[in-house]
Structures are given as C-alpha cells and as structure tokens.
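The values are calculated or read from the model by the stated rules, or taken from the named source; none is laboratory data. Note that the structure is predicted; figures quoted are calculated from it, not measured. We place every Cβ from the backbone using ideal geometry, glycine too, and count neighbours over all the protein chains shown. We work out accessible area using only protein heavy atoms, side chains counted, and drop any ligands, DNA or RNA first. Shrake-Rupley method; radii C 1.70, N 1.55, O 1.52, S 1.80 Å.
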Amino acid sequence: MSLTLGDQDRPELRKLIEGMIESGFTGVTMRLHDEQGEWVGSAGARELGGTEKPPVDGYVRIGSNTKTFTAALVLRLVAEGAIELDAPAADHLPGFGLDPRITVRMLLRHTSGVFNFTGEYHADGTFTPGIPATNTGQEWVDKRFTAYQPEELVRLALSRPARFEPGTGWSYSNTNYVLLRLLVEKATGRSFAGEMRRLVLEPLGLSDTLVPDGDPELPEPHARAYYRYEDAGRTETVDVTRHDPSWISTGGDMISTTRDLHTFISSLLSGKLLPAALLAEMCEPHPETGYGLGLFVQQASGNGGTIITHNGGVAGHGALMYSTADGSKTLIAALNYVDDAALSLAEAFQKAVAQLVEEVFGGQDTPPAER
C-alpha cells in the first residue's frame, strides 16, 4: 500500500482511507478542508497490480455528481429568466409526449415518475432493464463504445410505464437529468456543454472539469478503472477507463478533480453561484428521501448540523462530495475500483463513507446509493 499526505499528518484520516483499500477499493484520494486547513492524502494503487499511488490531482469520472452541476446550471438559467421552475417541462420539449404535469422542479427532484433508462430496481427485488449499463455485465462491456444520443435515451424511458403519477412519489432516475440537458439546450438555443462552461465552470475557474459528451478519453493524470464480469463460467476483469460516456449522459458523464469538486461545492453553498432564494430552494429536502434539487440534504448526528452531499459511481470510478450547509467544510474523494453488475463493493462503500463522515462531520444518515 502506498500513501501520500498533505501538509498535516492526520492519522485518523490516514487510517480511514487505508481501511477503504483493505475493504476492496483499488485506490482512494481524499481532500479535506476544515478548521485545521487543507489535507490531501491518497492510498492504494493507480492501477491493478501496480505500486504507484493514485494522483492527488488526477481526473476522475464523477458519476452522479454530474446531477449537482446540472441542477446548478438549471437554477442559474432560472435566475436569468430563461427557465421557470414550476412550468411544465413539455413547454420546452414538445416532441416527446411528456406528461404535461411534469415540471422542471420535478425533474430536478426526481419526483416526475419517469422510468430510469439504465433500468429500474423494484421493491420486490426484480429488475426491469433499460439500455446496456454497468448493471448488465458482459453486455455493457461489449457495447461500452456504443454512442447514444440523449433523445434516444429519453424515448426509450418514455416508452416504459411511469413509476407513479407526477409529483406523487420519489424515484431516482437518470432520465430526469437527460431531460434537463435537452431542456437547457431548447431554452437557450446553445449546447449544454457550452452553457455549463458559461454559467458554472468559467465563473468558478473550474478548468479541470469537463462535459465529455461522447469522448471516451480521460485526461492525464488519472487512475485506472476496471469492470468484472462472467464469461462462459470464467471471471474476466477488463480496464474500462476508456468508454463512451454517452450511455449515461447527464445522469453521470462529467469529469473533474477533487480540487475542482471542492471549489464547486464550497462556492455553490457559500452563495457565489445562485441568489439566496434559489439556493434555499435547492437545499429544501424531500420529506421522505432528503433529496433537494440535485443534491441530498442530511442531518449529522450530535451537533454536526446539516450536510449537503451527492456521491457518484460509474464503471470503476467514483467521487464523494460532502459539505457543511455554508460550504466552509468539505470532504471530497476520488475512487478507483473494480466494478461489477452485482455491486459487490456497495456494502464496503456505504460502511467506508459512514466512517469518513462520522470522523469529519460527526456522522449522518447515509443517503441512498447512486448509480
């Protein structure tokens, strides 16, 4: 195991990220900003079988943290008057036959009821598949360089029955955020990536955060990502660092670094991106799930106060993003690991995150896992 430390030796943090490696992760990089300053550490390996540590400022596919960036962009456009939160999404997207009761707010909050194009898990343990995704094993491996258009993903989802009537329930669906991508483009007449740069990335100086669209490349430096699957009774493990991320689209395709994720979440929550009223709406939690508009709102145990978070994992890469409600303390991590359809690291992931948050923030209720 290799480990690199920041300016301060924080043995309690070092022990936690070492424990994540022992639980099965290939590599972990963590960046903490708190009352003691900044601490950056990494443990494990950059690639399977290697000894070089993960790069502390390396690029990582951030998975569903993309949703928080997307929500911030949509709310910036609300502030500009280009989008209305409680207007029907179909006003901007008339060609899909979208239920006219679904509002922009419902898409942001996952209360629209639309089918998740990467597949739906049901309470009885059954699974309804969507496109080939990382929950489908070899099928995803074989098709990981397939290019998808956002409209294609939306049409597949809308061809399936809705989970519930709009506004009457909550169900985490990547389709909501692909619809928001298309809505941004229709409302502005400009590309989603261009609007993300104009309204979020450039104002905050996030030069290492990217919207890749269908580009399979990941900039250097980065750790490697892997996927394990069964083939004719044999277990195969392949490097999936390169893949066409259009299969997940705005559900989780963005690339960033731990440094940029810290800047983003701390700036967002300290009021540098949104008017106070819109930021308050973003952080208003759903009564049953704690989901606001593109983020989870949790209460820490003891006197830890409110924690704002979103995590994400996609094909052997992952990112954790936690902050106090005012952005003054942040915990960011980048992960590389061996992914599989069975989510075999899920239990270790939840346990490790709970321990990290307990140490840094005094504990919290762990939000649902996001794919």
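Things to note:
- Over the range 42-199, equivalent-ellipsoid semi-axes from the Cα gyration tensor in Å: 30, 22, 14
- Building the convex hull from the alpha-carbon atoms of the range 229-371 and averaging its projection over directions returns 9.8 nm².
- Sorted peptide list for 180-191, 150-161, criterion being average Cβ within 10 angstrom, highest first: 180-191, 150-161
- Average accessible surface for the chain: 38 Å² per residue, computed with a 1.4 Å probe over protein heavy atoms with every protein chain in place.
- Of the peptides 79-88, 283-292, 13-22, the ranking by mean beta-carbon count within 10 Å, highest at the top, reads 13-22, 283-292, 79-88.
- The alpha-carbon of LYS351 sits under 27 angstrom from the alpha-carbons of these lysines, leaving out residues fewer than 8 places away in its chain: LYS15, LYS53, LYS67, LYS329.
- Alpha-carbon centroids, the range 276-326 and the range 218-245: separation in whole Å: 29
- To put it simply, the accessible area of the chain at a 1.4 Å probe is 48 percent carbon and sulfur.
- Cα→Cβ-extended label distance, 7 Å offset, between ASP86 and ASP231, nm: 5.4
- Close amide-amide hydrogen proximity is noted between TYR291 and HIS286, VAL297, each under 5 Å apart and 5 or more residues distant or on a separate chain (H modeled in the peptide plane; Pro and chain starts excluded).
- Over the chain: helical MRE at 222 nm, DSSP H runs n ≥ 4 each giving -39500 (n - 2.57), nearest 500: -8000 deg cm²/dmol
- Between GLU38 and GLN350, the simple spin-label model (points 7 angstrom out along Cα→Cβ) gives 3.4 nm.
- A Förster radius of 35 Å combined with the Cβ-Cβ distance from ARG198 to ALA342 puts the calculated FRET efficiency at roughly 0.30.
- Entry note, the chain: relative contact order of 24 percent, from Cα contacts under 8 Å with a spacing of 6+ residues.
- Read-out Rg/Rh (Cα atoms, Kirkwood Rh), derived from the coordinates shown; its label in (i) 1.07; (ii) 0.94; (iii) 1.05: (ii)
- Nearest-20 debye value, the chain charge dipole, Cβ charges on Lys, Arg, Asp, Glu: 360
- Taking 7 Å steps out from each Cα toward its Cβ at SER328 and ASP239 produces label points 4.5 nm apart.
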